[in-house]
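Read through the structure below, which is laid out as C-alpha cells, and then see the notes.
What follows is calculated from the coordinates using simple rules that are stated; it is not laboratory data. These numbers were taken from a predicted model, which means no experiment stands behind them. Here Cβ is always computed from backbone atoms with ideal geometry, including for glycine, and neighbour counts include all displayed protein chains.
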Amino acid sequence: MTDQYSLAVWEPPKHEIVPSKLQDPALITGYAKQLSKREQTQVAQAFQAGNFEMAINFVWVKSMAALKKELGTLGMQFVGEMLGKQDLDEDDDPISSITEKEAIRLAEELGVVSSTEAMRLRHTHEIVAHFASLDASEIDNEGIELDELEAILSLKTCVGNILGKPKIEVATKFAEFRSALESETLNKDDTRVSMLITSPYFFQKLTITILLSVIKTEVGAKLENSLANLNTILPLVWKNIRDTEKWQVGHAYAEVFAAGKATATSGIKQALLKVRGFDFVPENLRSDTFVKAAEAVIRAHEGMNNFYNEGAPTRALFSLGSTIPTPAFPACASAILAVRLGNSYGTSWDASAVADEILDKFTEDRWRYYLNQCLASDVRILNKLAFQKPRENWYFLVEKYRLDNIEIKDKLIAKLVAGALAKSEALLESTRKALHKKYYGNV
C-alpha cells in the first residue's frame with residue numbers, strides 16, 4: 001500500500017534543536033532562527049538584567065504568532081473544523097482567531113510537537129498567563145517574580161519547538177485528504193479510505209467532523225461529494241467511533257432538517273439508515289442549550305483570569321437542571337471535569353464548588369457512560385493529568401465516586417482509574433501516554 005496518502009501525522013525530527021544541557025540564555029536564543037539578530041540580543045540582555053518575565057513574554061508572543069501563522073496555511077476553514085469553530089472562514093486572521101491553547105492543541109494533534117513538548121508549551125503558557133494576571137501591588141509588595149531556571153526552561157521550550165525552526169511543518173497530507181472529501185467521490189476501495197480505516201481514532205473523528213461541516217454549509221458539487229463520501233465512510237467506521245461522534249451525526253441531521261435543507265437531510269438520512277443510527281438523533285433543541293453552556297465554561301476556563309471568570313458560566317450550566325440530555329453529556333462532563341481538575345496552579349474555589357454539586361448528581365450509569373464512551377477521546381481532560389494538582393484532584397474524584405466499582409471496557413481507562421486509586425503517578429502517566437498514542441498515533 002502506497003504512503004502517498006498516509007494519514008500519519010508529521011513526525012518532528014529526532015535531533016534536538018537546542019542541546020538539552022545548554023543553560024546559557026544568550027546561547028539558547030542564538031538558535032532562534034525566527035528571531036532577528038536584534039531581537040536575539042534584546043532577549044539575551046533582558047535575561048542578563050534579570051528581567052525574566054519580560055523576556056519570556058516577548059519570546060512567547062513571537063512563538064505563538066509564528067505557530068498560528070503556520071497553522072493558518074492549512075486553511076482557516078480546516079482549522080475551524082478541527083477546533084469545532086464552524087464560523088471561521090478563509091478571510092479570518094489566524095493570529096486573532098486561534099487562541100494560544102488551541103494553537104498548542106493543534107500543534108500536538110498534527111504532530112508538530114510531541115505530547116511531552118506540548119505539555120511544556122502548556123506549562124509555559126500558564127506561567128505567562130499567571131504573571132500577566134498579577135496586580136502590580138502583588139508583584140511589588142509580595143516580591144513575586146519568575147524563577148530564572150523556570151524562565152530558561154520556557155525559553156528552551158519556545159526555541160526548541162517553534163522559533164528554532166526556519167518553518168514549522170504541518171500535516172499537509174491530511175489537508176490534501178480533507179480537500180478530496182469535498183472535491184471527489186471516493187469509493188470504499190480507494191487507498192485513501194483504506195488508510196483512514198486503519199488510521200488513529202483522531203483522523204476518523206476529524207473526517208466525520210469535516211464531512212458534516214461541508215454538508216451543513218456547502219451547496220452543489222461540494223455538497224454532493226461530501227454526502228456520497230459520508231455514505232461510504234460512515235458505515236466503515238460506525239462500529240469503531242464513540243457515542244460522542246454518533247451524536248454529532250444525529251445532531252447534524254436534526255440541524256439540516258430544521259433548516260429545510262432537503263438534499264443534505266436526505267443524504268445524512270441515507271447514511272444513518274445504513275448504520276441504524278437514528279437513536280442518535282436528538283428529539284429537541286434542549287441539548288443545544290446545554291452544549292452552549294458547556295462551551296461558555298470552557299471559554300472561561302481556558303481564557304485569561306480563569307479562576308475569577310469560571311464561576312458565572314459554571315453556575316449558569318448548573319441552573320439548567322440536573323438532567324443533562326445525553327447528546328450534550330460529553331461536552332458538559334468535559335467542561336465540569338476541566339473546572340474540577342483545574343490546572344497546575346489549582347482550581348477556582350467558586351467554580352469547583354458548583355462543579356462538585358453537578359458531579360454529585362452524576363448517576364453510576366452516567367459515570368459508566370463517560371468512562372466507556374467519552375474519556376478515551378477527551379484530550380482536554382487527559383492532558384490535565386500530566387500536571388500534579390489536576391492529578392491529585394483526579395485521585396480524589398476516583399475515590400469519592402468509587403469509579404473503580406464501575407465496569408470499564410477499555411483496559412487503558414481501567415488502568416487510569418486503578419492508577420488514581422493507587423495514587424501511582426508512574427502508572428497514571430504511562431497510561432495517559434498510551435491513550436494519547438492510541439488516539440493520535442504518536443506519543
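A few comments on the model shown:
- Relative contact order [Cα under 8 Å, 6+ residues apart], the chain, whole percent: 15 percent
- Using distinct alpha-carbon pairs, which all enter the 1/r mean, Kirkwood radius of the stretch 175-280 in Å: 13.5 Å
- 222 nm mean residue ellipticity, helices alone, for the chain (DSSP H n ≥ 4; -39,500 (n - 2.57); rounded to 500): -20500 deg cm²/dmol
- Cα centre as origin, Lys/Arg/Asp/Glu Cβ charges: the stretch 307-443 dipole, Debye: 460 debye
- Here the residues ILE28, ILE215, ranked from fewest to most Cβ neighbours within 10 Å of their Cβ, fall in the order ILE28, ILE215.
- In order along the stretch 398-415, phi translates into HN-Hα couplings of 4, 6, 4, 9, 6, 5, 6, 8, 8, 5, 10, 7, 7, 5, 5, 5, 4, 5 Hz, rounded to whole numbers, per the Karplus curve 6.51 cos²θ - 1.76 cosθ + 1.60 with θ = phi - 60° and x for Gly and Pro.
- 3J(HN,Hα) along the stretch 62-77, derived from phi through the Karplus expression 6.51 cos²θ - 1.76 cosθ + 1.60 where θ = phi - 60°, amounts to 5, 5, 5, 5, 5, 5, 5, 4, 5, 4, x, 5, 6, x, 5, 5 Hz, with x in place of Gly and Pro.
- Listed pairs LYS216/LYS384; LYS69/LYS438; LYS384/LYS409; LYS188/LYS384; LYS68/LYS261 exceeding 26 Å between Cα atoms: LYS216/LYS384; LYS69/LYS438; LYS188/LYS384; LYS68/LYS261
- Think of each Lys and Arg Cβ as +1 and each Asp and Glu Cβ as -1; about the Cα centre, that makes the dipole of the stretch 224-263 roughly 100 debye.
- Shown in residue order for the stretch 313-324 are the 3J(HN,Hα) couplings computed by the Karplus curve 6.51 cos²θ - 1.76 cosθ + 1.60 at θ = phi - 60°: x, 5, 5, 5, 5, 4, 5, 6, x, 7, 9, 7 Hz (x for Gly and Pro).
- Considering only the Cα atoms of the chain, their convex hull presents on average a projected area of 22.1 nm².
- THR191-ARG380 pseudo-label distance in nm [points 7 Å out on the Cα-to-Cβ vector]: 3.8 nm
- Residue order, fewest to most surrounding Cβ atoms within 10 angstrom, among SER348, SER133, SER319: SER319, SER133, SER348
- Cα pair count fraction exceeding 19 Å, expressed as % - the stretch 295-440: 48 percent
- Efficiency of FRET from Cβ geometry, GLU295 and ALA434, R₀ 30 Å, rounded to 0.05: 0.55
- Computed Kirkwood radius, in angstrom, where 1/r is averaged over Cα pairs of the stretch 25-163: 15.9 Å
- GNM top mover of SER213, SER322, SER226 - the chain, alpha-carbon springs below 10 Å: SER322
- Cα-based helix-to-principal-axis angle, 243-258 vs the chain, degrees rounded to 10: 60 degrees
- In this structure, the amide hydrogen of CYS374, modeled 1.01 Å from its nitrogen in the peptide plane, lies closer than 5 angstrom to no residue at least 5 positions away or on a different chain.
- One decimal place: the segment LYS361-LYS269 gains 29.6 nm when fully extended, by the rule 0.36 nm per residue minus the C-alpha distance.
- Ranked list, fewest to most other Cβ atoms within 10 Å of each Cβ, for CYS374, CYS158: CYS374, CYS158
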